[in-house]
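K.L.:
Here it is, the structure in full.
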Amino acid sequence: MQPSATDYRWHPIGSAADLRFTPGARVACGPHAIAVFRTAEGFRAIDDSCPHQGASLAEGDQFPDGIRCPWHGWKFDLDTGRGPGGGAVCTSVYPVRERGDGGLEIGLPRAMTSDG
Ligand code: FES
């Protein structure tokens with residue numbers, strides 16, 4: 001079953017014009033560092049910390065379908081979080097929505113937030 005918008009706590013991160021994309025923009029959602037990317041299909045958000053040794057994925061090399069870690073080159077799909085080894089290694093992805101005023105919000109699962 002697909003999660004619904006109410007399964008997330010939405011964190012405002014400002015408008016795209018406020019973010020510095022290099023190629024990803026590193027933002028904080030509470031204690032969580034998230035990397036936001038622009039893609040042809042819209043904005044994508046993943047955990048910023050690479051699951052290998054913690055490099056910032058916001059500073060990786062972006063491809064149309066993913067991001068390559070700047071330290072050791074592991075690649076992650078920006079839609080699914082699937083990484084190397086046929087997806088044996090994954091990182092978390094989060095929904096991004098744009099409000100009517102142009103502000104962006106990242107949805108963190110309620111289980112990840114301290115106030116549920
Ligand atoms: S820290 Fe990302 S591949 Fe090693």
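Readers should treat all values here as calculations from the given coordinates under stated rules, not as data from a laboratory. Predicted model only: the values in this text are computed from it and were never measured. FYI the Cβ positions are ideal-geometry reconstructions off the backbone, even for glycines, and counts take in every protein chain you see.
K.L.:
Considering the range 77-104 alone, what residues qualify as being more than 11 Å from the chain's Cα centre (by Cα) and buried (at least 18 other Cβ atoms within 10 Å of the Cβ)?
P.N.:
Hits for the range 77-104 are R82, G83, L104.
K.L.:
For W74, all conditions in the list (1) buried (at least 17 other Cβ atoms within 10 Å of the Cβ); (2) away from the ligand (no atom under 14 Å from the Cβ); (3) more than 12 Å from the chain's Cα centre (by Cα); (4) of a type in the set (A, V, I, L, M, F, W, C) hold save one; what is the number of the exception?
P.N.:
(2)
K.L.:
Given (1) crowded, with 17+ Cβ neighbours inside 10 Å; (2) under 13 Å from the mean Cα position of the chain (by Cα); (3) in a strand (DSSP E or B), identify the lone condition not met by A33.
P.N.:
All conditions are met except number (1).
K.L.:
When the residues of the range 55-65 are narrowed to those that are assigned to a strand (DSSP E or B) and away from the ligand (no atom under 13 Å from the Cβ), which ends up surrounded by the fewest Cβ atoms within 10 Å (Cβ to Cβ)?
P.N.:
For the range 55-65, the residue satisfying everything is F63.
K.L.:
Evaluate the following for A17: is it buried (at least 18 other Cβ atoms within 10 Å of the Cβ) and either aliphatic (A, V, I, L, M) or in a helix (DSSP H, G or I) (or both)?
P.N.:
Against the criterion (buried (at least 18 other Cβ atoms within 10 Å of the Cβ) and either aliphatic (A, V, I, L, M) or in a helix (DSSP H, G or I) (or both)), A17 does not qualify.
K.L.:
Then there is this: Give the range 36-54 a look and list any residue that's assigned to a strand (DSSP E or B), more than 10 Å from the ligand (Cβ to nearest atom) and surrounded by 14 or more Cβ atoms within 10 Å (Cβ to Cβ), or say none.
P.N.:
V36, F37, R38, T39, F43, R44, A45, I46, D47 - these are the residues of the range 36-54 that are assigned to a strand (DSSP E or B), more than 10 Å from the ligand (Cβ to nearest atom) and surrounded by 14 or more Cβ atoms within 10 Å (Cβ to Cβ).
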